[in-house]
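The values are calculated or read from the model by the stated rules, or taken from the named source; none is laboratory data. Just so it is clear, the model here is predicted, and its values are computed rather than measured. Here the Cβ positions follow ideal geometry from the backbone for every residue, glycine too, while neighbour counts run over all protein chains shown. These accessible areas exclude ligands, DNA and RNA; they are computed on the full protein's heavy atoms, side chains included. Shrake-Rupley method; radii C 1.70, N 1.55, O 1.52, S 1.80 Å.
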Amino acid sequence: MELRLYNTQTRKKELFRPIKSNGVGFYSCGPTIYWYQHIGNMRTYIFNDILKRVLLYNKFKVKHVMNYTDVGHLTSDEDTGEDKIEKAAKKEGKTAREITDYYSKVFEQDCKKLNIIKPSIIARATDNIKEQINLINVLTKKHYTYKTSDGIYFDTSKLKDYGKLAKLNIKELQEGKRIGIKEKRNKTDFALWKFSEEPGVRQQEWDFEGKKGYPGWHIECSAMSSKYLGKQFDIHTGGREHIPVHHTNEIAQSEAAFGKKPWVKYWLHAEWLTFKGKKISKSTGGLYTISELERQGFDPLDFRYLTLTTIYRKRLNFDMESLKSARISFEKLKNIILELKNKKNSKGDVKQYNKKFLEAVNDDLNVPKGLSILWQVLRDNKIGSRKKYSLALKFDKVLGLNLKNVRKEIIPRRLKEWKKSDEIREAIRKKGYQVEDTSEGYKIKKSL
Ligand code: AMP
Ligand code: ZN
């Protein structure tokens, strides 16, 4: 059963064949660590995790690299505005490093709560300045760059196929108004390096070209992915808004510098989590974080379960009602798993289910279908408890719902007691306490 993935580059589901026989090179654009990651961001990281788990389920060895953007991402995804990290440091009265250390730690805790497997390598942009400068120098030697008063830019007109990922209509784009492009030669040109406006004011700046400055946002991903995965690798992922700018520019600079085409064989993009039909974003308030969902009495894995009910290429609209129904289904599932545990009956043949599950997840990560196959197994009277249990744990290698560690909760959580359980938890919360499930049962803690 072969794995097929939808490649944004070709707009087709393609058979997945890694470039090298010894493993899969996989790069994901990571968070900009200046603020909490909201649940929309977390949907994208769950998608990355599912992709990795499906690769592992297919017995591929995976080297997964993710970056932390801790410099250079401006408030506009283009080359204008303030550096998000510098802005947050000013606002919170902290050093840039304090900001990025704090938010990366929270992010890592959230990933753990969502049972996301850690990347093989996490690379910070500020730890790889030398690599980024080297890459800019390679591009300059090949005549792809030019200097302006505020930075070093990539000349996109030097590439015939610039914009191919997003299928941008370059002619139309360039012919548009030239407002705001200042000294740039073409509208689509982008900054590889920016000079500090006033040296000594920014917290994070480095010497290059005889001045103080800092890297542009796109160069970090090309520099760090090639450092760890080589000049050509298998899979690159990110949220879908990265297609027209960030990933388009990553491709331009990498193919120009490394001379390999395609630089990346498969591009996969996650659709958004929306709220009232609009993309959830930090700039519009960010809505919920994982901790906020916990404060409201949810298990972070309830949110993971919710995301598994829609394929990654479809928008998922978030509301409390759908999260609550995900919780009900997940609780049902956990209770069934608990009942099956330690039972002996191993009648029945699960070969067909095994096959159907693999077919589903290998069809461009159709996890909702995989989940429904799990439910079919659990409802099938011809299959014994022991077989159901071990198959559920096997499927969970992809789903990542941590079914192996499900434990009995002391507060009633059986189906018919759901309402009662919620009422009890709510009453406890109103008194200023929180119910926390731990490996020794539940604990009641004073809310912060
Ligand atoms: P950022 O920290 O803003 O750079 O975003 C981190 C990741 O989250 C990127 O891959 C984004 O594409 C993704 N992302 C941002 N907003 C959403 C959303 N509403 N739904 C899904 N993914 C998102
Ligand atoms: Zn990136």
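Observations on the model:
- Under the simplified labelling scheme, the K167-K105 pair shows an inter-label distance of 4.7 nm, with each label point 7 Å from Cα along Cα→Cβ.
- In the full protein context, the chain carries 48 Å² of accessible surface per residue, based on a 1.4 Å probe and ignoring ligands, DNA and RNA.
- Here the scattering of the range 4-270 is modelled by Debye summation over its C-alpha atoms, one equal scatterer each and no solvent; at q = 0.13, 0.14, 0.16 Å⁻¹ the log10 of I(q)/I(0) is -0.86, -1.00, -1.30.
- Only helices enter the 222 nm calculation for the chain: every DSSP H run of n ≥ 4 contributes -39,500 (n - 2.57), and dividing by all residues gives -12500 deg cm²/dmol, rounded to 500.
- Where N is the number of residues in the range 1-82, Cα Rg divided by 2.2 N^0.38 Å: 1.34
- Under 13 Å, Cβ to Cβ, from L293 - net charge with Lys/Arg +1 and Asp/Glu -1: 0
- Cβ-Cβ FRET estimate between K344 and S372, R0 fixed at 35 Å, reported to 0.05: 0.80
- Per the Cα gyration tensor, the range 291-404 maps to an equivalent ellipsoid with semi-axes of 26, 18, 10 Å, ordered largest to smallest.
- Extents of the chain, taken as max minus min of Cα coordinates on every principal axis and listed largest first, are 72, 53, 36 Å.
- A Förster radius of 30 Å, combined with the Cβ-Cβ distance separating T95 from S283, puts the computed FRET efficiency at roughly 0.80.
- Whichever aspartates and glutamates have a C-alpha closer than 14 Å to that of K279, once near sequence neighbours (fewer than 8 apart) are set aside: E241, E271, D319
- Note on surface exposure: E2, E197 rank E197, E2 by accessible area, highest first, 1.4 Å probe.
- Accessible-area order (highest first, 1.4 angstrom probe) of the listed residues R202, R295, R327, R240: R295, R240, R202, R327
- Considering the range 177-234, its Cα convex hull presents a mean projected area of 6.2 nm².
- Set of aspartates and glutamates with alpha-carbon distance to K408 below 18 Å, sequence-local pairs under 8 removed: D299, D302, E331, E339, E417, D422, E436, D437, E440
- Per-residue SASA remark: K231, around 110 Å² accessible (1.4 Å probe; ligands, DNA and RNA not included).
- Entries of K12/K314; K52/K276; K164/K231; K20/K59; K356/K394 with Cα pairs more than 21 Å apart: K52/K276
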